[in-house]
Every structure is written in C-alpha cells, then in structure tokens.
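The values are calculated or read from the model by the stated rules, or taken from the named source; none is laboratory data. Note that the structure is a prediction, hence the values are computed from the model and not measured. A quick note on method: Cβ atoms are made from the backbone with ideal geometry, for glycine too, and the neighbour counts reach across all protein chains shown.
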Amino acid sequence: MRFEKEINEANQELYERVLACLNQDRFPVILGGDHSIAAGSVSASLTKYKHVGILWIDAHADFNDEKITPSGNIHGMPLSAVCGCGPDSLVSYSSDRADPLNVVIVGARSIDPLEKIKLKEKGVTVYSISDIHAEGITAIIRKAILTAGKGTNGIHMSFDMDALDPTQAPGVGTPVNNGLTQREAFIICEEMYKYDKLVALDIVETNPLLDQRNMTGILASELVLACLGNTDYR
C-alpha cells in the first residue's frame with residue numbers, strides 16, 4: 001500500500017482532532033486532499049456516535065483492500081476500512097466500525113471488478129449514475145438517506161468532488177466523465193440539511209493546481225454552505 005505510514009500518521013492526527021470537535025458538540029467540516037482522509041474522519045464519527053450511517057458521494061467506491069487493489073493507492077480503500085472490511089491497519093486507532101448495510105454510495109461510475117463483487121457480498125447500497133439518470137437525483141438521495149439513517153445515530157457524508165462531471169468540477173485528481181451536475185450536487189446537500197441527521201462532512205479532491213479559475217473550489221464551498229442550510233431564498 002503506497003505511502004501507508006505517512007497516510008496513517010496524518011489520519012490518526014485527523015481522527016483525534018475531529019473527535020475533539022465532536023466531543024465539544026461542534027460540527028466538523030473536513031477538507032481533503034484525496035479520499036484517504038475519510039479513514040480518520042469517519043472513524044471519529046463512529047467513536048463519538050457508535051452507530052453511524054455513511055453517505056459516500058463519489059465516482060468511485062473506494063472499497064478496495066490490500067488484497068484486491070489494482071493500484072496500491074490507499075485513497076481507493078477508506079470506505080472498506082471503516083466498514084471493517086480491510087485494511088485494518090488504516091483504522092488501527094479506533095475499534096468502531098460502520099455497518100455496511102447503513103452505507104450508501106451515490107454517483108458511482110468507476111468501480112473495479114473485484115470491488116463490485118465485494119460491495120455486493122457486504123451489502124453496501126450503490127446508486128450508480130445510471131440509476132440517477134433513470135430515477136432522478138431527488139428520489140435517489142431520499143432513498144439513500146433513509147438507508148444510511150435507518151437505526152443510526154446520525155450520518156457522516158463524505159463528498160468527493162469527482163462525483164461531479166469534470167465539466168462542472170475540473171479541479172480533481174481522478175476525473176470521470178458522465179458525472180453529477182451542479183444542480184444534482186446541490187439537491188443532495190439540500191436534502192441532507194432537511195433530514196437533519198448530518199453529524200460530519202468531508203469535502204475531498206479539490207486541487208487548485210488542476211482547477212480552472214477556482215471553479216471547483218468555489219463550488220465546493222457553496223456545497224458546504226448548502227449542507228449547513230444556506231438557500232437562495234427562504
């Protein structure tokens with residue numbers, strides 16, 4: 001696993017900071033970097049609230065482990081790790097794990113073959129971009145929230161900006177065509193605010209070096225505000 005030592009050190013510090021924030025009854029917003037930071041941030045939510053649902057907005061599933069990864073990149077493993085499906089070394093600082101039955105991935109369109117098998121075996125709910133095209137984002141996100149929130153003490157949303165189409169959010173490290181529109185991304189955040197079970201928020205993969213006129217950075221900040229209840233008129 002590439003850069004495991006450095007990533008684990010950073011994530012342990014992040015875990016402690018996010019947990020301290022949660023213990024003060026504050027709402028943490030965690031800005032990435034790549035999605036490997038979720039191993040630390042989601043673990044903190046699990047330690048604080050024990051039974052937490054996860055809403056994973058991403059073009060990728062990030063459900064690989066050290067045995068099936070095609071690349072060795074740890075940013076393709078954090079969701080698996082926090083669900084107790086490996087690698088355990090990424091979450092060694094916490095004993096709390098998420099129930100895969102309360103985990104929902106929205107916007108997926110680039111999943112590795114062995115990863116697909118593993119997701120089905122563990123019972124993770126996946127709504128692909130094709131599902132969104134067929135049913136509409138409002139129906140999909142409402143179903144996703146109900147699954148993530150069923151019997152849990154809150155929902156941790158981890159939002160990767162590469163879930164959006166590269167024409168809408170170009171400043172990401174792993175762009176994939178045929179993604180969410182800005183409108184669909186805002187509906188996700190607005191629905192999360194209305195449901196009122198959000199305990200923490202990750203926003204990852206905003207890379208200024210790859211961005212165009214700060215388009216992705218501005219959009220990411222506006223999505224954070226939408227999760228906190230900012231609306232155009234109310």
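One line per residue, one yes/no per condition, for (1) of a type in the set (Gly, Ala, Ser); (2) assigned to a helix (DSSP H, G or I):
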{"site": "Ser45", "(1), (2)": "yes, yes"}
{"site": "Lys48", "(1), (2)": "no, yes"}
{"site": "Ile54", "(1), (2)": "no, no"}
{"site": "Ala61", "(1), (2)": "yes, no"}
{"site": "Pro70", "(1), (2)": "no, no"}
{"site": "Ser80", "(1), (2)": "yes, yes"}
{"site": "Ser89", "(1), (2)": "yes, yes"}
{"site": "Val104", "(1), (2)": "no, no"}
{"site": "Gly107", "(1), (2)": "yes, no"}
Query raised in the report: Taking Lys116, is it among the basic types (Lys, Arg) and in contact with a helix residue (DSSP H, G or I) (Cβ under 9 Å, 6 or more places away or on another chain)?
Result: no
Query raised in the report: Which residue pairs have Cβ atoms under 7 Å apart, sit 6 or more places apart or on different chains, and have a first residue in region 145-166 that is hydroxyl-bearing (Ser, Thr, Tyr) and assigned to a loop (DSSP other than H, G, I, E, B) and a second that is modelled with pLDDT of 95 or more and surrounded by fewer than 20 Cβ atoms within 10 Å (Cβ to Cβ)?
Result: Thr152/His51
Query raised in the report: If only one of Leu201, Leu180 is at pLDDT 95 or above and either farther than 25 Å from Asp112 by Cα or basic (Lys, Arg) (or both), which one is it?
Result: Leu201
Query raised in the report: If you take the residues in region 105-139 that are of a type in the set (Lys, Arg) and surrounded by 13 or more Cβ atoms within 10 Å (Cβ to Cβ), which one is nearest to the chain's Cα centre (by Cα)?
Result: Arg109
Query raised in the report: Of the residues in region 22-58, how many are more than 19 Å from Cys189 (Cβ to Cβ) and among the acidic types (Asp, Glu)?
Result: 2
Report summary line: The condition of being over 24 Å from Ser221 (Cα atoms) and touching an Asp or Glu at 6+ places or on another chain (Cβ under 7 Å) holds, among Asn64, Asn102, only for Asn64
Requested in this report: Provide a single number: the residues in region 7-36 that are part of a helix (DSSP H, G or I) and within 13 Å of Met157 (Cα to Cα).
Outcome: 1
Report summary line: Reported set for region 205-234 where residues are more than 14 Å from Val172 (Cβ to Cβ), within 20 Å of the chain's Cα centre (by Cα), outside any helix (DSSP H, G or I) and not aliphatic (A, V, I, L, M) is Gly229
